[in-house]
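Colleague: Provided herewith is a single structure, encoded as structure tokens, for subsequent inquiry.
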Amino acid sequence: MNKTILITGAGSGIGLDAAWALAERGHRVIATTFDEAQAQALRAQAQARRVRLEVFKLDITAAADRQQVLGLELDVLINNAGVGESGSLAEVAVDRIRAVFEVNVFATLELTQLALRGMIARRRGTVLFVSSIAGRVPMPFLMPYSMSKFALSAAGAGLRAELRQLDCNVQVALIEPGAIHTGFNQAMTDRKYAWMGPQSYFAAQVPRLKSQEARTFRLLEARDTSSIVAQIVKASEARRPRLRYVAPWLQGFGVRLARILGV
Ligand SMILES: NC(=O)c1ccc[n+]([C@@H]2O[C@H](COP(=O)([O-])OP(=O)(O)OC[C@H]3O[C@@H](n4cnc5c(N)ncnc54)[C@H](OP(=O)(O)O)[C@@H]3O)[C@@H](O)[C@H]2O)c1
């Protein structure tokens, strides 16, 4: 059955590739972007590829933008938009953490609540939260981001249990990507070096941290988004999605192992 699917943050990366994949499977895809420039570029790409995509700007932190979902009969909402922030919890400005939570948790929840109105009334729908394996295992020096994804994963699991009580056929699932090469991780890890000066507790460790981060992502990151996009497609189309969809598989296995070992 073809579904009406709205994706946030579809101007790049995983969201963009998921939009193509879902549209190519015949779904009505509403690909929303952070800004108008991305929306225009995406419309042009869709035309060039002869793929039917409906595109508009939806900054999830803008209340007026969020209202647009009220006029849509969504079968699936994919909360993919997200931002990253890094730095040690010993010294990062708490406002930086607040800003990440504003996008990854609060605005995501506000948009979800609007979409849920229609879904609960129609007694059908699926909400996907693109969280992260960083929401399962704490990531040193990425904690502003990791904490937000812990909160998001908890929100998804809790909302899923609550909606079961309503017996309203609205499904909730978590998409948990491992490290995937979209540029997101590099931008996120670099952000802290803009403010970590000589006064930082970790100033002496910066050269080692930088090379460690580069090595880790070179080793770990999947080269493309295909494995996680396949999971997004599966969750979007499932009649009763399971709670978690993780990819790449090996990174998901690593997280399970880390949790068993109590890391
Ligand atoms: N790549 C990974 O290794 C990885 C791993 C685990 C989880 N994830 C999650 O996967 C999702 C997609 O990440 P990605 O790797 O594809 O990186 P990405 O290309 O940077 O995708 C994030 C998208 O969200 C958009 N965005 C940011 N703030 C927004 C807002 N307020 N409203 C609407 N859109 C907004 C970004 O726009 P701009 O480009 O203009 O900022 C960007 O298009 C994120 O939630 C991320 O946390 C990624």
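Colleague: Using alpha carbon coordinates only, what is the Rg to Rh ratio of the range 120-178, with Rh defined as the Kirkwood radius?
Modeller: Across the range 120-178, the Cα-based Rg/Rh ratio is 1.10.
Colleague: A follow-up question, please. What whole-number value in Å² describes the accessible area per residue of the chain for a 1.4 Å probe?
Modeller: In whole numbers, the chain has 48 Å² accessible per residue.
Colleague: At a probe size of 1.4 Å, how large is the accessible area of residue 195, to the nearest 10 Å²?
Modeller: Spelled out: residue 195, probe radius 1.4 Å, area about 50 Å².
Colleague: Still on this structure: Using a/c under 1.5 as the rounded threshold, could you call the range 1-77 rounded, prolate or oblate? The axes a ≥ b ≥ c are square roots of the C-alpha gyration tensor eigenvalues, and prolate needs a/b larger than b/c, oblate otherwise. Mind showing how you got there, number by number?
Modeller: Values: a/c = 1.88, a/b = 1.15, b/c = 1.63.
In terms of gyration-tensor shape, oblate.
Colleague: Rounded to the nearest 20 Debye, what is the dipole magnitude of the range 4-260 about its Cα centre when Lys and Arg each give +1 and Asp and Glu each give -1 at the C-beta?
Modeller: Values: 32 positive and 22 negative charges, 163 e Å.
In total the dipole reaches around 780 debye.
Colleague: Set the bar at 28 Å for Cα to Cα. Now go through 57/234; 149/192; 210/234 and name every pair that lies beyond it.
Modeller: 210/234
Colleague: I need two numbers for the chain: Rg to one decimal and Dmax as a whole number, Cα atoms only, in Å.
Modeller: My reading of the Cα-based Rg and Dmax gives 18.4, 58 Å.
Colleague: About its Cα centre, what dipole magnitude does the range 103-165 give when the only charges are +1 on Lys and Arg Cβ and -1 on Asp and Glu Cβ, stated in debye to the nearest 20?
Modeller: The dipole magnitude comes to about 340 debye.
Colleague: Only Cα pairs under 8 Å and at least 6 apart count here; give the relative contact order of the chain as a rounded whole percent.
Modeller: 18 percent
Colleague: Let me ask something else. What percentages make up the Cα-Cα pair-distance distribution of the range 183-263 when the bins are 5 Å wide from 0?
Modeller: Whole-percent P(r) values from 0 Å outward: 3, 11, 15, 16, 16, 15, 11, 7, 4, 2, 0.
Colleague: Nearest 10 degrees is fine. How inclined is helix 108-122 to the longest principal axis of the chain, computing both from alpha carbons?
Modeller: That helix lies at roughly 20 degrees to the long axis.
Colleague: Also, I was wondering about something else. Expressed as cubic angstrom per residue, what is the convex hull volume of the alpha carbon set of the range 1-139?
Modeller: 120 Å³
The values are calculated or read from the model by the stated rules, or taken from the named source; none is laboratory data. Bear in mind that the values here come from a model prediction, so they are computed numbers and not experimental data. Quick reminder, even Gly has a Cβ in these numbers, built from the backbone with ideal geometry, and neighbours come from all protein chains shown. Calculation scope for accessible area: heavy atoms of the full protein, side chains included, ligands and nucleic acids excluded. Shrake-Rupley method; radii C 1.70, N 1.55, O 1.52, S 1.80 Å.
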